[in-house]
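Just so you know, all these numbers are worked out from the coordinates, no wet-lab data involved. Since we're looking at a predicted model, the values are computed, not measured. Here the Cβ is made from the backbone with ideal geometry for all residues, glycine too, and neighbour counts use every protein chain on show.
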């Protein structure tokens, strides 16, 4: 199997980044060569928004990525480092990152150079619909997930340990109703795609109800064994609904992964 390699900072990892990773992973093993904080500082003259440990944690959780390799300041962002035991077969880039210097380097080193056009990365591909009638314990979580960050990934990681994880993403109209002007930043389809790209998630859906229990129709359809929330998402009506329907209600503390800072979408958005 060929190694497909993508390089970059992935500092504010968004849907376009994930689409590139997804396309690159379609035909082989995907390795991400992640720029260190020092490389980013040398290139842009400022520190990244998110430290390398956090960026690596996020990438390691992406279902398309087989391995993330941190590249230190002794390497150039215009080349593919020679990592022991790693065969550099195909270098995949977005057209905005394509340069003659990179092309020449790939040619000189016998590396296949593959450029993905922006038009190749449009849209948000759908995922298979899994059998919700399976006997495996099912866990459901709900939320806006408007700026997907490491805290969300950690929450998915924790809740997936309780069973198959289904995530219901709030639809646009309801998010505007609950949170006001400027919300959501990203469309429901884009938010669902982002959530579905995390390997801890069995399936992501878009809610069809309203209010704080906008996921009620989806909960009735999936029939979860557990409804999990973090401390911020703990609401009396959620507790009452679970009591009425025989669903275990689990409240988890908002704890980041080891060594990572605490994140909230509100702070990242700035409003």
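Under a 10 Å cutoff between Cα atoms, tell me which one of 184, 128, 261 has the largest fluctuation in the Gaussian network model of the chain.
Looking only at 184, 128, 261, the largest GNM fluctuation is found for 128.
Output the peptides 72-80, 100-108 sorted from most to least packed, where packing is the average of other Cβ atoms within 10 Å over each peptide's residues.
Result, highest mean first: 72-80, 100-108.
Given R₀ = 22 Å, what would the calculated FRET efficiency be for residue 268 paired with residue 176, taking r from the Cβ atoms and rounding to 0.05?
So, using R0 = 22 Å, E works out to roughly 0.70.
Using the beta-carbon distance between residue 87 and residue 38 and R0 = 30 Å, what value does 1/(1 + (r/R0)^6) give for FRET efficiency, to the nearest 0.05?
0.70
Provide the FRET efficiency to the nearest 0.05 for the residue 67-residue 231 pair, computing r from the beta carbons and using R0 = 25 Å.
With a Förster radius of 25 Å, E is 0.15.
Any chance you could run the full-extension gain for residue 2 through residue 46? It's 0.36 nm times the residue separation minus the Cα-Cα distance, nm to one decimal.
So the chain would gain 12.3 nm between residue 2 and residue 46.
Going by a ≥ b ≥ c, the root eigenvalues of the Cα gyration tensor, does region 210-249 fall in the rounded group (a/c under 1.5), the prolate group (a/b larger than b/c) or the oblate group?
Cα axes put region 210-249 in the oblate bin.
Based on the alpha-carbon gyration tensor of region 46-190 and its eigenvalue square roots a ≥ b ≥ c, which shape applies: rounded if a/c is under 1.5, prolate if not and a/b is larger than b/c, or oblate?
Note, shape of region 46-190 comes out prolate.
If each DSSP helix of 4+ residues adds -39,500 (n - 2.57) and the sum is divided by the residues in the chain, what number results at 222 nm, nearest 500 deg cm²/dmol?
-9000 deg cm²/dmol
Specify the residue with the greatest mean-square fluctuation among 238, 199, 221, computed from a Gaussian network of the chain linking alpha-carbon atoms under 10 Å apart.
Result for the chain, Cα springs under 10 Å: 221 fluctuates most.
Restricting to Cα pairs below 8 Å that are 6+ residues apart, what does the relative contact order work out to for region 3-121? Please round to a whole percent.
Value for region 3-121: 29 percent.
How would region 3-121 be classified by its alpha-carbon gyration tensor: rounded, prolate or oblate, with rounded meaning a/c under 1.5 and the a/b versus b/c comparison settling the rest?
Rounded.
Could you tell me, in Å, what Rg and Dmax come out for the Cα atoms of region 114-271?
15.7, 55
Provide the gained length on full extension for the span residue 220 to residue 129, in nm with one decimal, where the gain is 0.36 nm per separating residue minus the Cα-Cα distance.
Stretched fully, the residue 220-residue 129 segment lengthens by 31.1 nm.
What does a probe at residue 77 reach in region 22-55, counting residues whose amide N is under 11 Å from the point 7 Å along Cα→Cβ?
35-48
Using a Gaussian network for the chain with springs between C-alpha atoms less than 10 Å apart, which of these wobbles most: 20, 31, 162?
Answer for the Gaussian network model of the chain: 162.
Over the Cα atoms of the chain, what Rg and Dmax result, in angstrom?
Spelled out, the Cα radius of gyration and Dmax of the chain are 20.1, 67 Å.
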